[in-house]
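Asker: Sharing a structure with you now.
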């Protein structure tokens, strides 16, 4: 059933996958998605095609959001490390298709990054390994260039898409950390200091409020000494009526 869709247009594939009779989730969790490359590659090809549908963001998301925790993703995780039996190289075309799907998925639903990171890490690991063994890889690749017309372009193109996906994941992680910082509770040290200040401010006043003049005299007006004001208690209770009167009369 998957192979018959391969020749259809992107919009036709999207419409077919969204049809209730298609049962996409059943396909994604079919046991053959775990161990048959032809099934995994066909599904990957179809998913990459639907990402090209214009003006269908919500409909594309309805498909892609079904990918996490499926046998299909487990199959992809296994296959990205395997070599092509003919070229003895990584399956660059297959990896490119999956990365393009992932890029679209991350753009639409950034929270999906955690479901795909395991696959990205494995791909990055193998690309790093290729670079570290570049001298041997180049010799082998030159042999394959002669025999199978393989070019460096496949590696470079795939690496560019991988870097783009990893950069997007990095941005998503950064935004997530920023959000967590904003949601953190107020620093406990600051809270403790504030409480101590309030407690010290509610101590006994230097003067009896009953002896204070209602209208300030010239000396008070011209004085550079800081006016004594006790902290007004908003949250909590006053110790007695005297404290309440003293605080509020001074204010």
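The values are calculated or read from the model by the stated rules, or taken from the named source; none is laboratory data. Given the structure is predicted, the values throughout are model-derived calculations rather than measurements. Glycine also receives a Cβ, built like all others from the backbone with ideal geometry; neighbour counts cover every protein chain displayed.
Asker: Which residues, counting only those in segment 59-95, are in contact with a strand residue (DSSP E or B) (Cβ under 7 Å, 6 or more places away or on another chain), surrounded by 15 or more Cβ atoms within 10 Å (Cβ to Cβ) and over 20 Å from residue 164 (Cα atoms)?
Answerer: 89
Asker: Look at segment 96-116 and say how many of its residues are closer than 13 Å to residue 67 by Cβ and surrounded by 17 or more Cβ atoms within 10 Å (Cβ to Cβ).
Answerer: The total comes to 10.
Asker: Same structure, new question: Conditions first: (1) in contact with a strand residue (DSSP E or B) (Cβ under 8 Å, 6 or more places away or on another chain); (2) surrounded by fewer than 18 Cβ atoms within 10 Å (Cβ to Cβ). Residue 55 passes all but one, so which condition is the exception?
Answerer: Failing condition for residue 55: (1).
Asker: Within segment 161-185, how many residues turn out to be surrounded by 11 or more Cβ atoms within 10 Å (Cβ to Cβ) and over 21 Å from residue 108 (Cβ atoms)?
Answerer: Summing the residues that are surrounded by 11 or more Cβ atoms within 10 Å (Cβ to Cβ) and over 21 Å from residue 108 (Cβ atoms) in segment 161-185 gives 0.
Asker: From 26, 44, which residue is in the same structural domain as residue 113 (by TED's automatic domain parsing) and at pLDDT 95 or above? Steps first, answer last, please.
Answerer: Working: 26 fails: at pLDDT 95 or above.
Selected residue: 44, the only one of 26, 44 that is in the same structural domain as residue 113 (by TED's automatic domain parsing) and at pLDDT 95 or above.
Asker: Sticking with this one: Taking residue 87 and the conditions (1) without any contact (Cβ under 8 Å) to a residue 24 or more places away in the chain; (2) more than 23 Å from the chain's Cα centre (by Cα), which numbered condition does it fall short on, given that it satisfies the others?
Answerer: (1)
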